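One structure is given below, encoded as structure tokens.
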Ligand SMILES: [Zn+2]
């Protein structure tokens, strides 16, 4: 029978050609356990059509969905010193990095891209969870800084999309230092009077949630996303109490006033465009200097302008303009969140 397997089978295979069937045609929903065909998954932007569970989504696909016509430009991020601690556990850190780079085709766990959402220019800094659990090391810190500076340069809002297990332990204290660094990065955007929006995806935990991810003007989360600092088990062991059901989910955080909105993936583009419109119009309102405005108004009324009241007006106007749009937005959301939280207390 040897000639059959050794000679005939290869001949037939050569004639028919290798079966070109990818092995991942079906995905199992981790929430309801139903099988989802890959085309359906694609059509629903990685959301289960049976139960609405939001599966993780590759970065490229997310960008294609968010940006107008799927058009965006990735920027090259500054290089950092690789493996300064010469860290090694089961594998060398440098080997882990190389593996992750080969698997994801990205330099590190963060990708910064700019483009337009409904005609409005934006800069997005998004995490790739496939890359070492989206952990934040020096490269991610540099990435956030680059993103914020690009946003300031383009006078565009910055949107951060974290998906991270926290700081990268292989970089020790250097990874923890990225918490203040990324905080300063988003501060630069705020100082320029530009909106900074965070779209939290599953999971947003550890050093990332303890720094820039919780500093947004508006916090949006994907349904069911895990958001917190330490994991459930660690907290339960520390406080010796059983934690409530749904603890650390996006919905729980919304109910308790930690985030502003939970938005399904299919509506995120629309929501972001609306928010940017509201917040950026606030920025535009600052454009004519308030002092000048007061003078113009005085000139219209033919009143000589005293210096002091105009500076007061300046202050008032400043207090009114930029934060106004934000506080309106927040108060609406927060009051909703509070009223939701009240019965539980
Ligand atoms: Zn499902």
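The values are calculated or read from the model by the stated rules, or taken from the named source; none is laboratory data. From a predicted model like this one, the values you see are computed outputs, not experimental measurements. FYI the Cβ positions are ideal-geometry reconstructions off the backbone, even for glycines, and counts take in every protein chain you see.
Taken together, the residues in segment 102-115 that are touching a strand residue (DSSP E or B) at 6+ places or on another chain (Cβ under 7 Å) and not in a loop (DSSP other than H, G, I, E, B) amount to 6.
Against the conditions (1) more than 15 Å from the chain's Cα centre (by Cα); (2) surrounded by fewer than 18 Cβ atoms within 10 Å (Cβ to Cβ), residue 183 satisfies every one except (1). When segment 33-45 is limited to residues that are within 11 Å of the ligand (Cβ to nearest atom) and surrounded by fewer than 13 Cβ atoms within 10 Å (Cβ to Cβ), the one that is nearest to residue 202 (Cα to Cα) turns out to be 33. One residue stands out among those in segment 46-74 that are closer than 17 Å to residue 118 by Cβ and part of a loop (DSSP other than H, G, I, E, B): the one that is farthest from the ligand (Cβ to nearest atom), which is 71. Every test in (1) free of Cβ contacts under 8 Å to residues at least 12 places away in the same chain; (2) touching a helix residue (DSSP H, G or I) at 6+ places or on another chain (Cβ under 8 Å) is passed by residue 105 save one, and that test is (2). Whenever a residue of segment 14-39 is assigned to a loop (DSSP other than H, G, I, E, B), its partners that are modelled with pLDDT of 90 or more and more than 10 Å from the ligand (Cβ to nearest atom), lying with C-beta atoms within less than 7 angstrom and at least six residues away or across chains, give the pairs 24/38; 25/37; 25/38.
Output yes when any residue across segment 107-122 is away from the ligand (no atom under 16 Å from the Cβ), at pLDDT below 95 and more than 26 Å from residue 270 (Cβ to Cβ), and no when none is. Within segment 107-122, one or more residues are away from the ligand (no atom under 16 Å from the Cβ), at pLDDT below 95 and more than 26 Å from residue 270 (Cβ to Cβ).
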